[in-house]
Amino acid sequence: MKLFRSLFSAPGCDSSTPQASTPEGSVHQAPPGVCVGESSALPEGGRLHARLEGRYVTVLRLDGKLSCIDSVCFHAGGPLGIGDIEDVNGHKCLVCPWHFYKIDVDTGDKYYQGVEFQNGKMVPGEWKSNGVRQRVHPVAEADGKIYVDAVKGGGGVAKVDSDNYACDASCGERVLHAPPAKAGKNRLHSVGGDGRAVTC
Ligand code: FES
């Protein structure tokens, strides 16, 4: 079985106009976008990688919620889509393997930890956002299939930094062909306000 999902080869998808059936048998229009795979291919904690009109995207299911984000990191084109998952004060983030930037999978915000001074010493402070640096995309599920409505840059769409690397094949292909992350294999750990991993 292929270890990735691409626009025209996703198992369970066809390239015709997407439609979905209701349990009653009537047919309705499927969610906007392109089918990237079957729901069964994306268990809790798993991810799917796809290439949509040249753009590499990663779909994740975390705590039952779907997210879709550009696979290639805005910072220097790293393979963000295969990064560990980390919880930053309740925000699920991908951690880029190259320089460990933490990117919110739901909003595309890039987080950093501020510093504070206590008794003349510099200590880790609160986590803050540098703003949206990675583009996220609408994703929906219907009739056992997952659809991504990839946002294209340009036109009237405000630019996001990750647009610069969105179609970069050097790391995009690496992410696309990565072995599927098995449920439970994601490293999921929380980072407290003091910056230390929660160890309990
Ligand atoms: S490439 Fe530098 S943090 Fe991702």
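Cβ contacts < 7 Å: first residue under 18 Å from H177 (Cα atoms), restricted to the stretch 76-103; second residue of a type in the set (D, E) and not in a strand (DSSP E or B), any location; separation 6+ or different chain. Result?
The qualifying pairs are G77/D168.
Here is a check on your reading of the model: is A140 of a type in the set (A, V, I, L, M, F, W, C), more than 14 Å from the ligand (Cβ to nearest atom), part of a strand (DSSP E or B) and closer than 19 Å to L66 by Cα?
Considered against the rule, which asks whether it is of a type in the set (A, V, I, L, M, F, W, C), more than 14 Å from the ligand (Cβ to nearest atom), part of a strand (DSSP E or B) and closer than 19 Å to L66 by Cα, A140 comes out as yes.
Here is a list of conditions, (1) over 12 Å from the mean Cα position of the chain (by Cα); (2) assigned to a strand (DSSP E or B); (3) in contact (Cβ under 8 Å) with a residue 12 or more places away in the chain; (4) more than 12 Å from the ligand (Cβ to nearest atom), and Y112 meets all of them except one; can you say which number that is?
(4)
Just to be sure I understand the filter: pairs with C-beta atoms under 7 Å, separated by 6 or more residues or on different chains, first member in the stretch 146-166 and closer than 26 Å to G46 by Cα, second member of a type in the set (V, I, T) and exposed (fewer than 14 other Cβ atoms within 10 Å of the Cβ). Which pairs pass?
V151/V157
Give the residue, chosen from G108, G78, that is in contact with a strand residue (DSSP E or B) (Cβ under 6 Å, 6 or more places away or on another chain) and buried (at least 18 other Cβ atoms within 10 Å of the Cβ).
Answer to the check: G108.
Computed from the coordinates by the stated procedures, all read-outs in this text should not be read as laboratory data. Note that the structure is a prediction, hence the values are computed from the model and not measured. A quick note on method: Cβ atoms are made from the backbone with ideal geometry, for glycine too, and the neighbour counts reach across all protein chains shown.
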